[in-house]
2 protein chains.
Amino acid sequence: MPDDKIVTAAVLVIGDEILSGRTKDRNIGTIATHLTSIGIQLREVRVVPDVEAEIVTALNALRRRYSYVFTTGGIGPTHDDITADSVAAAFDVPIAVDPRAKAQLATYYNARKLELTPARLRMARVPTGAELIENKVSGAPGFVIGNVVVMAGVPDIMQAMLETVTPLLVTGAPLQSITIEIDQPESEIAAVFGAHQRRYPDITMGSYPLLRHGQPASDLVLRGIDPERLKLAELELRAALRLPK
Amino acid sequence: MPDDKIVTAAVLVIGDEILSGRTKDRNIGTIATHLTSIGIQLREVRVVPDVEAEIVTALNALRRRYSYVFTTGGIGPTHDDITADSVAAAFDVPIAVDPRAKAQLATYYNARKLELTPARLRMARVPTGAELIENKVSGAPGFVIGNVVVMAGVPDIMQAMLETVTPLLVTGAPLQSITIEIDQPESEIAAVFGAHQRRYPDITMGSYPLLRHGQPASDLVLRGIDPERLKLAELELRAALRLPK
């Protein structure tokens with residue numbers, strides 16, 4: 001795969017508990033940072049409730065549009081865990097207990113002298129054609145089907161699965177970024193910054209307001225896949241803003 | 001408005017910085033908790049980049065489907081702040097400097113002995129027909145147009161705007177919730193819990209795994225708008241799980 005290929009992704013967070021505010025999502029930020037670091041551009045995120053029709057509609061819209069879709073949540077043993085069934089419905093394939101997943105769960109529960117009950121066995125149900133993502137934390141695997149990566153919602157387990165699946169992903173040129181911290185509010189540099197963006201259409205430039213030492217300040221962020229162009233854009237912007245190089 | 005009316009909402013987060021992972025979103029959780037507390041059901045969240053076509057498509061999909069859409073981000077003075085223009089495009093209305101917004105900005109900057117430069121004046125551009133949301137923190141107002149509430153992305157400013165706009169919102173019956181903390185993993189209560197959900201289709205029941213004192217445990221959450229039904233469902237579930245009342 002050539003280095004300049006653009007690989008894109010969406011995240012689909014599945015869970016009533018995020019929409020009710022009961023649980024604060026921590027997975028979006030983790031996945032976003034990770035994908036950026038490995039050269040996959042996260043382009044969209046959706047959060048949907050534990051309702052099959054909603055999951056199917058969102059998943060089908062996203063998987064057709066982006067190179068990958070990463071889902072989190074809804075792969076546990078209880079009745080509200082409907083992600084595997086919804087993914088099977090979206091792909092229009094059957095779902096059944098997967099012997100490999102069953103073996104992983106059996107190993108996990110045997111080691112803890114626990115029985116593989118029907119509720120636990122439910123976590124071995126996987127859409128036909130999926131490859132498993134081993135779960136080193138709590139036994140029940142995630143899976144990959146087509147361009148969709150299905151992961152747990154518990155942040156520690158999600159992170160472990162994301163690391164496990166990473167070597168299997170096609171990645172593109174990593175988006176590099178340079179941050180210029182300035183001690184002025186955005187409004188004082190907006191004209192120069194906007195003109196600079198027009199000169200560098202291949203570099204994405206964003207400005208983020210913040211308080212630094214209690215005073216309005218800004219972070220100017222330049223992003224691009226060509227490090228030399230990025231450095232050039234940075235130096236010219238520093239000169240235009242009369243900042244040290 | 002009758003108390004049992006269902007009022008729904010979506011959140012649209014606008015910002016490359018969330019998708020790149022540079023900034024971790026804190027607004028989704030804040031808005032989710034707030035809406036739940038005032039009787040508005042958050043049904044969907046989307047995060048999109050600073051690209052007008054993406055914002056317009058997402059906004060039009062969401063505003064037609066839910067009672068309200070709350071947007072965050074992209075209302076600052078720099079070239080990458082394109083929310084107001086995108087909202088005007090979605091509603092197909094003109095956008096221009098709003099005299100009321102200009103007056104608010106003039107008051108804010110005059111008090112700080114700063115000039116109302118063209119960059120700052122850009123923050124007074126508002127789609128025709130919008131009502132302003134005063135920004136007590138940093139001057140530049142948010143606005144409401146149709147069923148869309150446009151707010152800043154900086155969490156402190158977003159929260160202040162959300163509080164300002166709350167009295168203007170139509171709200172429904174607040175969703176009440178009861179959490180039962182149990183010291184068992186989900187898989188051990190899944191059968192009883194699933195059967196209980198089938199007996200109470202009007203109560204939404206979710207199970208969330210966690211570690212308590214280092215051991216696998218679960219929070220069982222029951223949600224509904226009728227407090228008496230909710231209490232009944234809780235008592236029966238406690239009995240079925242042989243828990244104290």
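Quick check on this structure: which one of A:S20, A:S37 is in contact with a Ser or Thr (Cβ under 7 Å, 6 or more places away or on another chain) and among the small types (G, A, S)?
Values: A:S37 fails: in contact with a Ser or Thr (Cβ under 7 Å, 6 or more places away or on another chain).
The conditions single out A:S20.
Applying a threshold of 6 Å to beta carbon distances and a minimum spacing of six or more residues, or different chains, the list of pairs starting in segment A:217-245 at a residue that is assigned to a helix (DSSP H, G or I) and ending at one that is surrounded by fewer than 20 Cβ atoms within 10 Å (Cβ to Cβ) reads A:P227/A:Q176; A:L230/A:Q176; A:L230/A:I178; A:A233/A:Y200; A:E234/A:I178; A:R238/A:K245; A:A240/A:V192. A:E163 meets all of the listed conditions (1) within 20 Å of A:T8 (Cα to Cα); (2) at pLDDT below 95 but one, namely (2). With respect to the conditions (1) without any contact (Cβ under 8 Å) to a residue 24 or more places away in the chain; (2) of a type in the set (V, I, T); (3) buried (at least 20 other Cβ atoms within 10 Å of the Cβ), A:T33 falls short on a single one, namely (3). Every listed requirement among (1) assigned to a helix (DSSP H, G or I); (2) surrounded by fewer than 17 Cβ atoms within 10 Å (Cβ to Cβ); (3) under 26 Å from the mean Cα position of the chain (by Cα) is met by B:A103 save one, (3). Modelled with pLDDT of 95 or more and assigned by TED's automatic domain parsing to the domain that holds B:I38: is that true of B:N147 in this structure? Yes; evaluated as a whole, the condition is true for this residue.
Checked against the criterion of being part of a helix (DSSP H, G or I), within 14 Å of chain B (Cβ to nearest Cβ) and within 15 Å of the chain's Cα centre (by Cα), the candidates A:I18, A:I28 yield just one match: A:I28.
Contact map, segment B:126-148: first residue outside any strand (DSSP E or B), second residue basic (K, R), Cβ cut-off under 7 Å, separation 6 or more or different chains; pairs are B:G146/B:R63; B:N147/B:R63. Filtering A:V69, A:V56, A:V97, A:V48 for residues that are in contact with a strand residue (DSSP E or B) (Cβ under 7 Å, 6 or more places away or on another chain), over 17 Å from B:V47 (Cβ atoms) and among the β-branched types (V, I, T) leaves a single hit, A:V97.
Need the failing condition index for B:E163 against (1) part of a helix (DSSP H, G or I); (2) closer than 23 Å to A:L19 by Cα; (3) within 14 Å of chain A (Cβ to nearest Cβ), just the number. Condition (3) is where B:E163 drops out.
Does B:V13 satisfy being under 11 Å from the mean Cα position of the chain (by Cα), outside any helix (DSSP H, G or I) and at the interface with another protein chain (Cβ under 10 Å from one of its Cβ atoms)? When the stated conditions are applied, B:V13 passes them. Go through the residues of segment B:175-191 one by one and say whether even a single one is touching a residue at least 24 places away in the same chain (Cβ under 8 Å), over 22 Å from B:A10 (Cβ atoms), part of a strand (DSSP E or B) and among the hydroxyl-bearing types (S, T, Y). Checking segment B:175-191: at least one residue is touching a residue at least 24 places away in the same chain (Cβ under 8 Å), over 22 Å from B:A10 (Cβ atoms), part of a strand (DSSP E or B) and among the hydroxyl-bearing types (S, T, Y). Considering only residues that are within 18 Å of A:R22 (Cα to Cα) and either hydrophobic (A, V, I, L, M, F, W, C) or more than 13 Å from chain A (Cβ to nearest Cβ) (or both), which ones fall in segment B:197-226? Result: B:I203, B:M205, B:L210, B:L211, B:R212, B:A217, B:L220, B:V221, B:L222, B:I225.
Out of the residues in segment A:187-245 that are buried (at least 20 other Cβ atoms within 10 Å of the Cβ) and among the β-branched types (V, I, T), which is nearest to B:P118 (Cα to Cα)? Result: A:I189.
Tell me yes or no: at least one residue of segment A:153-174 is under 30 Å from A:P99 (Cα atoms) and among the acidic types (D, E). Outline the logic, then answer.
Kept after step one, since they are under 30 Å from A:P99 (Cα atoms), are these residues of segment A:153-174: A:153-170.
With among the acidic types (D, E) added as a condition, the list becomes A:156, A:163.
For segment A:153-174, residues under 30 Å from A:P99 (Cα atoms) and among the acidic types (D, E): present.
As a summary of the residue check, B:L132 satisfies the conditions (1) within 21 Å of B:T166 (Cβ to Cβ); (2) crowded, with 21+ Cβ neighbours inside 10 Å; (3) within 21 Å of the chain's Cα centre (by Cα) except for the one numbered (2).
In segment B:84-100, how many are over 18 Å from A:E186 (Cα atoms) and either small (G, A, S) or surrounded by 18 or more Cβ atoms within 10 Å (Cβ to Cβ) (or both)? Step through it out loud before you land on a result.
Residues of segment B:84-100 over 18 Å from A:E186 (Cα atoms): B:85-100.
Checking which are either small (G, A, S) or surrounded by 18 or more Cβ atoms within 10 Å (Cβ to Cβ) (or both) leaves us with B:86-91, B:96, B:98.
Residues flagged as over 18 Å from A:E186 (Cα atoms) and either small (G, A, S) or surrounded by 18 or more Cβ atoms within 10 Å (Cβ to Cβ) (or both) within segment B:84-100 amount to 8.
Here A:R46 fits the description: under 30 Å from A:L175 (Cβ atoms), within 11 Å of chain B (Cβ to nearest Cβ) and among the basic types (K, R).
Can B:R63 be described as of a type outside the set (D, E) and facing chain A (nearest Cβ under 8 Å)? Break it down into steps so the answer makes sense when it comes.
Numbers: of a type outside the set (D, E): yes; facing chain A (nearest Cβ under 8 Å): no.
Here the answer is no, as B:R63 does not meet what is asked.
Within segment A:194-216, the set of residues being in a loop (DSSP other than H, G, I, E, B) and in contact with a Lys or Arg (Cβ under 8 Å, 6 or more places away or on another chain) comprises A:Y200, A:D202, A:I203. Of all the residues in segment A:149-174, those that are surrounded by fewer than 16 Cβ atoms within 10 Å (Cβ to Cβ) and either among the hydroxyl-bearing types (S, T, Y) or in contact (Cβ under 8 Å) with a residue 40 or more places away in the chain (or both) number 3. Can you confirm whether B:E54 is in a helix (DSSP H, G or I), under 21 Å from A:E186 (Cα atoms) and either among the basic types (K, R) or within 11 Å of chain A (Cβ to nearest Cβ) (or both)? Taking the combined requirement at face value, the residue does not satisfy it. Of all residues in segment A:190-217, those satisfying the criterion of being more than 29 Å from the chain's Cα centre (by Cα), farther than 21 Å from B:L121 by Cα and of a type outside the set (D, E, K, R) are A:H213, A:G214.
Across segment A:107-125, the qualifying residues are those that are crowded, with 17+ Cβ neighbours inside 10 Å and either part of a loop (DSSP other than H, G, I, E, B) or among the aliphatic types (A, V, I, L, M) (or both), and the one among them that is nearest to the other protein chains (Cβ to nearest Cβ) is A:A119.
The values are calculated or read from the model by the stated rules, or taken from the named source; none is laboratory data. Keep in mind it's a predicted model, so treat the numbers as computed, not measured. Neighbour counts are summed over all protein chains in view; Cβ atoms, including those assigned to glycine, are modelled from backbone coordinates with ideal geometry.
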